[in-house]
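Novice: Please find one structure pasted underneath; my questions will follow.
The values are calculated or read from the model by the stated rules, or taken from the named source; none is laboratory data. Here the structure is a predicted model, which is why all the values come from computation and not from measurement. Virtual Cβ from ideal backbone geometry, glycine too; neighbours counted across all protein chains shown. Please note that ligands, DNA and RNA were not included when accessible areas were found on the heavy atoms of the full protein model with its side chains. Shrake-Rupley method; radii C 1.70, N 1.55, O 1.52, S 1.80 Å.
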Amino acid sequence: MPLIELDHVVTIFGNDPEGALARVRAGADKKALLAETNHVLGLDDITLSIEAGEIFVVMGLSGSGKSTLVRHINRLIDSTAGAVRIDGTDIMALSKKELIALRRRRIAMVFQRFGLLPHRRVLENAAYGLEIRGLPRAEREARAQEWLERVGLKGYEDRYPGELSGGMQQRVGLARALAADTDIILMDEAFSALDPLIRSELQDELVALQRATGKTIVFITHDLDEALRLADRIAILKDGRLVQVGTPTDILLSPADPYVEAFVRDVNRARALTVDSLMQPPALRLSEESIGEALAAMRRTKSDVAYVVDDGRFAGVVTKEGLERAAVTQGTGEAVAAVAEAHPAVTADTAIESAIPTLLESPHPLPVVTEDGELAGIVRPESVSEVLVSERTQADLVETATAGQEVGRRADIDSAA
Amino acid sequence: MNIFPDIRGPIAAATNDLVDFLVVDYGDAFEAFSNVLLQALLFIERGLRALPPWAMILIIAAVALAASRKPLMAVGAAAGLWFIGALGMWDQAMQTLAIILVSVCFCILVGLPLGVLAASSRMFRRGLIPVLDLMQTIPSFVYLIPAAMLFGLGKVPAILATVIYALPPLIRLTDLGIREVDGEVVEASRAFGATRAQILTGVQIPLSLPTIMQGINQTTMLALSMVVIASMIGARGVGETVLLGLQRNDSGTGLVGGITIVILAVVIDRITQAYGRRLQRHRSAEA
Ligand SMILES: Nc1ncnc2c1ncn2[C@@H]1O[C@H](COP(=O)(O)OP(=O)(O)OP(=O)(O)O)[C@@H](O)[C@H]1O
Ligand SMILES: [Mg+2]
């Protein structure tokens, strides 16, 4: 069972959301609804599920409904229709008491505009979630202190939020959410006010924290690079509608429509994609075979190189010439694993960018191994260029090339005249 | 041709019937309520008058210093009080101060909850605003007649008249202050599982306190401006002196009473304003 589920959620802002619902059911989109009824369509039939322990990123342009969507998870906003379930329980049906318990124990939130209490010191702000829950002062402030230090705010405990920069206030909000120690954290553009250095530092720390604790994180961002860096899965919203949900690779390699494509066009793909998106099965995989059998197999498949697996782990490569030489010196009965040559390899989760040097130096298509050292596939240098250039840019390239030929031809005519 | 139907008779008759009904059937309840108020007033009044004037002057100076953190303000407040004593108005001023204190406390007790309610319910606010307008515009004597009938002449109806006139700004400013609190701060508090009461006492009231203080300041000033009318229905104090000057055609006495009221007003105003400004401090840093 997924941890968080949104089930056909429709949310309409205005005086008579119920009345406007019929229009939405009849197919009116955000623009039409606003023009016809003066109601704002916040979420338009959203269905998605978030698994426990994943970092789920929500993206979309300003006003697309990102903040509205996450506010349904802790019921800061009630939907007009549809259900929101946590652990299978519809939270719209919770009593006041149960809802408060859910917010105290299970869900913390970081706010886009911070939402700090201006009349309280930084330390008291960071301890707020625990205070509401009724923890004694000493204990809650010790925990808050610990988190303030982890987000780099040691020494600012006794300041008021108004005395801090925007980025520092954002980190107070972060410490407050993390100190609450809930299994779900909602982060509404939690890193937007930070400078690039601290930002990437906190991104790494967030991923590490998530891996260590297994928390479920719903993260909103405008920034695709950030999304790709953090996300297990990404949801893309447009005008309150869900356009696409998928892994970063899905989104980059098969954008669902021009809107998503526009989003991903400028991304640094070499950094965002990992080598497993380029992987192909090896032409020939050998393990128990003898040299003679191996040579026969290579002739049959017309390959010059084969990848050797020994005891389930990648052991190296053999080439046709190498095997022929070995057959002479050692005889054809020898096991192929004994003559395999060592060869560089990369793991499946390496970013393409960092695999490129190895790939260029590698004499043969580069083997890709899993964390346990098993052979997962190979990468050919030519597939890199295919995946790095998006379809759109390829189309552009073809166009410029033709245009260039035109110009060239005209120049020939000119010089002939 | 007469286009006006006669509704004056019925309205007046109905009102009189209602007052009669209240006097006869709920006289005891009104008397009990009146007694509580009277005891509170007498307690404070006795306390204020029991203090030797020098002690009182010191206390007020200390309060002024605590509220403003400015020594000059303390000296000014002390000088003002000393001047009142020199005018021979000390006792009357203490009686008036007691009425003001009781009225303002009563206003806070009633006004804060009403302001909070108004901020949380649009329906309630819509209903309340015309009532507040009415309270501030209707001439005091109109409600003094039934008040005197229900409570008798004297201090209690004077306090009630003062409260009715002085209450509206406190309610309005409490309502405004609470609604002006940053929505995302309240939302954050909700998101962490705060109850209504925790949000109110931990976020909304503290953050609107500077505005509420303004309301208390205005309420106090309005209460002071009612002292002359209050003394017409039997409250003792500075108002009595002004009234005396009026009745005896004695401008000098009238002026002495007037000056005393002005000094009281200035001292109270400066103290409450200075306190309100201090509450604002870390707020301005945030902007
Ligand atoms: N309380 C509200 N009343 C009326 N309309 C609202 C309300 N809250 C949000 N909306 C509307 O819902 C839509 C989505 O708003 P939302 O704040 O979720 O956008 P967002 O994707 O978070 O944008 P941003 O990136 O700028 O934060 C907007 O059109 C907004 O006008
Ligand atoms: Mg937003």
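Novice: Quick check, is B:Ser231 within 14 Å of another protein chain (Cβ to nearest Cβ) and in a helix (DSSP H, G or I)?
Specialist: no
Novice: Using the structure shown, decide if B:Gln218 is open to solvent by 20 Å² or more (accessible area, probe 1.4 Å) and in contact with a Pro (Cβ under 7 Å, 6 or more places away or on another chain).
Specialist: yes
Novice: Could you please give the count of residues in segment B:106-127 that are more than 18 Å from the chain's Cα centre (by Cα) and either among the hydrophobic types (A, V, I, L, M, F, W, C) or open to solvent by less than 50 Å² (accessible area, probe 1.4 Å) (or both)?
Specialist: Counting residues in segment B:106-127 that are more than 18 Å from the chain's Cα centre (by Cα) and either among the hydrophobic types (A, V, I, L, M, F, W, C) or open to solvent by less than 50 Å² (accessible area, probe 1.4 Å) (or both) gives 8.
Novice: I need a count of the residues in segment A:95-115 that are more than 8 Å from chain B (Cβ to nearest Cβ) and free of Cβ contacts under 8 Å to residues at least 12 places away in the same chain.
Specialist: 4
Novice: Out of all the residues in segment B:1-52, which are closer than 30 Å to B:Leu81 by Cβ and surrounded by fewer than 10 Cβ atoms within 10 Å (Cβ to Cβ)?
Specialist: B:Pro52
Novice: On to the next question. Run A:Asp181 past the list (1) within 27 Å of the chain's Cα centre (by Cα); (2) away from every other protein chain (no Cβ under 13 Å); (3) surrounded by fewer than 18 Cβ atoms within 10 Å (Cβ to Cβ) and report the number of the one that doesn't hold.
Specialist: Here A:Asp181 meets the rest and fails (2).
Novice: To continue, here is another question. Would you check if B:Ser231 is of a type in the set (S, T, N, Q) and touching an Asp or Glu at 6+ places or on another chain (Cβ under 6 Å)?
Specialist: Taking the combined requirement at face value, the residue satisfies it.
Novice: Would you check which residues across segment A:254-292 are polar (S, T, N, Q) and in contact with a strand residue (DSSP E or B) (Cβ under 7 Å, 6 or more places away or on another chain) and list them?
Specialist: Matches in segment A:254-292: A:Thr274, A:Gln280, A:Ser287, A:Ser290.
Novice: Could you give me the residue pairs with C-beta distances under 7 Å whose first residue belongs to segment A:50-69 and is in contact (Cβ under 8 Å) with a residue 24 or more places away in the chain and small (Gly, Ala, Ser), whose second residue is in a loop (DSSP other than H, G, I, E, B) and exposed (fewer than 15 other Cβ atoms within 10 Å of the Cβ) wherever it lies, and which are 6+ apart or on separate chains?
Specialist: Close Cβ pairs satisfying both conditions: A:Gly53/A:Gly214.
Novice: Select from segment B:83-105 the residues that are buried (at least 16 other Cβ atoms within 10 Å of the Cβ), of a type in the set (A, V, I, L, M, F, W, C) and part of a helix (DSSP H, G or I) and list them in ascending order.
Specialist: Matches in segment B:83-105: B:Ile84, B:Trp90, B:Ala93, B:Met94, B:Leu97, B:Ala98, B:Ile99, B:Ile100, B:Leu101, B:Val102, B:Val104.
Novice: Within segment A:238-256, is even one residue touching a residue at least 40 places away in the same chain (Cβ under 8 Å) and assigned to a loop (DSSP other than H, G, I, E, B)?
Specialist: Yes, some residue in segment A:238-256 is touching a residue at least 40 places away in the same chain (Cβ under 8 Å) and assigned to a loop (DSSP other than H, G, I, E, B).
Novice: Additional query: Determine, yes or no, whether A:Arg171 is of a type in the set (D, E, K, R) and either assigned to a loop (DSSP other than H, G, I, E, B) or within 14 Å of chain B (Cβ to nearest Cβ) (or both).
Specialist: Here the answer is no, as A:Arg171 does not meet what is asked.
Novice: Suppose the filter is within 14 Å of chain B (Cβ to nearest Cβ), in contact with a Ser or Thr (Cβ under 8 Å, 6 or more places away or on another chain) and either within 15 Å of ligand 1 (Cβ to nearest atom) or not β-branched (Val, Ile, Thr) (or both); does A:His8 pass it?
Specialist: Against the criterion (within 14 Å of chain B (Cβ to nearest Cβ), in contact with a Ser or Thr (Cβ under 8 Å, 6 or more places away or on another chain) and either within 15 Å of ligand 1 (Cβ to nearest atom) or not β-branched (Val, Ile, Thr) (or both)), A:His8 does not qualify.
Novice: Of the residues A:Thr89, A:Thr80, which single one is in the same structural domain as A:Ala193 (by TED's automatic domain parsing), without any contact (Cβ under 8 Å) to a residue 40 or more places away in the chain and of a type in the set (S, T, N, Q)?
Specialist: Answer to the selection: A:Thr89.
Novice: Looking for whichever is surrounded by 16 or more Cβ atoms within 10 Å (Cβ to Cβ) and more than 16 Å from ligand 1 (Cβ to nearest atom) here; the options are A:Ala175, A:Ala208, A:Ala190. Which one fits?
Specialist: Only one candidate passes the filter, namely A:Ala175.
Here is a yes/no grid of residues against (1) within 16 Å of ligand 2 (Cβ to nearest atom); (2) away from chain B (no Cβ under 14 Å); (3) among the charged types (D, E, K, R):
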position	(1), (2), (3)
A:Phe219	yes, yes, no
A:Val243	no, yes, no
A:Ala272	no, yes, no
A:Arg285	no, yes, yes
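Novice: Hey, any hits in segment A:140-156 for a residue that's part of a loop (DSSP other than H, G, I, E, B) and within 12 Å of another protein chain (Cβ to nearest Cβ)?
Specialist: No, segment A:140-156 contains no residue that is part of a loop (DSSP other than H, G, I, E, B) and within 12 Å of another protein chain (Cβ to nearest Cβ).
Novice: Do we find a residue being at pLDDT below 90 and away from ligand 2 (no atom under 16 Å from the Cβ) anywhere in segment A:186-194?
Specialist: Yes; the residues of segment A:186-194 include at least one that is at pLDDT below 90 and away from ligand 2 (no atom under 16 Å from the Cβ).
Novice: For segment A:116-139, how many residues meet the condition of being more than 10 Å from chain B (Cβ to nearest Cβ), part of a loop (DSSP other than H, G, I, E, B) and among the hydrophobic types (A, V, I, L, M, F, W, C)?
Specialist: Residues flagged as more than 10 Å from chain B (Cβ to nearest Cβ), part of a loop (DSSP other than H, G, I, E, B) and among the hydrophobic types (A, V, I, L, M, F, W, C) within segment A:116-139 amount to 2.
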